[in-house]
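Worksheet: the structure to be examined is printed underneath.
The values are calculated or read from the model by the stated rules, or taken from the named source; none is laboratory data. Being a predicted model, the structure only gives us computed values, none of them experimental. Please note: Cβ atoms are built from the backbone with ideal geometry, for glycine as well, and neighbour counts cover all protein chains shown. The protein model used for the area step is the full one, side chains on, heavy atoms only, and it has no ligands, DNA or RNA in it. Shrake-Rupley method; radii C 1.70, N 1.55, O 1.52, S 1.80 Å.
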Amino acid sequence: MSSTLVSRSPDLQRLVDEGYQVEIRASQLLVHHVPYVTAARAVAYGALVSELTTEGASTSRPGTHELYFVGEIPCDQHGRELSKIINQRGPIALGGGLTASCSFSSKPVDGYPNYYAKMTSYVNMLQGDAKAIDPIVDAVNFAPLATAEDESVFRYLDSATSRARIGAISERLALTNVAIIGLGGTGSYILDLIAKTPIEHIHMFDGDRLKTHNAFRAPGAASIEELTAAPLKVDYFRDKYSPLRRNLHAHPEFIHAGNVQMLAEMNFVFLAVDTGPAKKLIMEALEADDVPFIDTGMGLYEAGGALGGILRTTASTPAYRRHIWDNNRVSFARLEDDEYDRNIQVADMNAMNAVLAVIKWKKLLGFYQDTENEHSISYTVGGNDLLNEDFRNDT
Amino acid sequence: MSDEAQSDDGRGRSDDFEIVVNGSPVTVESETVTYEQVVSIAFPTPPAPDATFSVTFRKAKHCEKGSLVAGQSVEVKKKGTTFDVVHTGKS
């Protein structure tokens, strides 16, 4: 309830966006980490506690100009109590297990118009003297605001989106079920990016275990202990990204004829598997079930002591999917391990391939402009060339 | 379908064209280079019967950059048109 209230109340959202440590507890609005000066002329941190008046799903005008303070009796920089604003003296029991030492009353002529004005006014009454002693202290610390299970897929408020005010645009990405097939180099970077979007459920499919060489092509940094444990890739990545978001589903299996029907429920699928017969099976099933997908693949070679090659990103939607077959965009042949297939992959190439795939996904959902509607993308590293083809508007 | 490409045998004929395929210079006799041609230059032995390849090029005669699929071709400059031919199958 509280993060919804915040997102629907501009005054609360502004407090969060500007970095105040906000909490809503027992129908009260708290701002933690407020610097003040104690009677001993030391800087300490306290919390402001205000009633919270709401109307429907958002705040309305503050019901009173007064609020409570959790901490010692605050003073100015010389150790003299701020008697001009101190009203009641405690201890005063508040809801949510809090005990205030005093209450403040400082009323502007027409009262506080909103909770941003109210809380920041009192913050400034206290922290000015604290800053006189230590200029660095500040109530603003951009602490995370935890969310409840049913409030958000993220475990803490996505203030990046709110600060940039792209919440409405971001909502376009809130698909119910998205799958990543293959959590190798490219798949793991795809996960890293889409985990930060408001997709409800992310499903990861991969039957492999994480091995040492995988660590050099994955985001983040696995430890020796983690690698020694040889976890299933899907378990490792679920655990790595769970601190950020909920609803990461680990499926420790490869997709084959016996389980491909699981993909029918997906709203979108990212394919990041090495080429083979499975890829054709998956694509045919996705097409039959009208599921849009993006396939990724790279080929790198060594020549003259440097690496060259091409990264390929191919999008397919129910509105446009013949290009894969008509133009042979995707190979389904499995190359045997030989001199042609040293399986050269490099983390930045995996990441670039993943980035191109995620950008294209966001374009299809209207998050980014998509003026040309390209469905086939290639990046050739030697010439730094990005090439677009298979345009849906072609007649 | 054009003739298969000739590898450079040192004769250096004035009507040859020099292209680069996967980092290696190659001499071809025709100004028109096909998908099949560059694939067979890059992979003299087909790595798999049903393999298809991503082919991109830059600095062609009429075109700064582009790609080829099976059956397509492009006109190359006298020297410098560069091709990448890979099996884009790794993830």
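General observations
- The GluC sites (Glu not before Pro) of the stretch A:184-226 meeting both criteria, a DSSP state outside H, G, I, E and B (loop) and at most 16 other C-beta atoms within 10 angstrom of the site's C-beta, are A:Glu200.
- Surface accessible to a 1.4 Å probe, A:Val109 within the full protein complex, Å²: 130 Å²
- Gap separating the Cα centres of the stretch A:344-392 and the stretch B:52-67, nearest whole Å: 17 Å
- Cβ-based charge dipole, chain A, positive-most Cα from A:Gly167, A:Val109, A:His203: A:Val109
- Counting only other chain Cβ atoms within 10 Å of each residue's Cβ, the peptide B:77-87 averages 5.
- Within the stretch A:69-213: Cβ-based charge dipole about Cα centre, in debye rounded to nearest 20 (Lys, Arg +1; Asp, Glu -1): 260 debye
- For A:His65, the accessible area of its heavy atoms, probed at 1.4 Å with every protein chain present, is near 40 square angstrom.
- Applying 1/(1 + (r/R0)^6) with R0 = 22 Å to the Cβ-Cβ distance of A:Glu51 and A:Thr99 gives a FRET efficiency near 0.85.
- Global form of the stretch A:135-289, assessed from the alpha-carbon gyration tensor, a/c cut-off 1.5: oblate
- Rounded to the nearest 20, the size of the Cβ-charge dipole of the protein assembly as shown about its Cα centre is 1720 debye, with Lys and Arg at +1 and Asp and Glu at -1.
- Taking every residue in A:180-187 and counting other chain Cβ atoms within 10 Å of its Cβ, the average works out to 1.
- Take the Cβ atoms of A:Ile136 and A:His256, set R0 to 60 Å, and the FRET efficiency comes out at 0.50.
- Once the convex hull of all Cα atoms in the stretch A:300-395 is built, its volume per residue stands at 122 Å³.
- Exposure of A:Arg163 as accessible area (Å², to 10), given a probe of 1.4 Å and all protein chains: 130 Å²
- Eigen-decomposition of the gyration tensor built on the alpha-carbon atoms of chain A gives equivalent ellipsoid semi-axes of 54, 22, 19 angstrom, largest listed first.
- Counting Cβ atoms of other protein chains within 10 Å of each residue's Cβ and taking the mean over peptide B:43-51 gives 4.
- Here is the list for the stretch A:1-56: trypsin sites (Lys or Arg not before Pro) lying in DSSP coil, each with at most 15 other C-beta atoms within 10 angstrom of its C-beta, are A:Arg41.
- If the segment from A:Ser159 to A:Ser121 were pulled out straight at 0.36 nm per residue, it would be longer than the present Cα-Cα gap by 11.4 nm.
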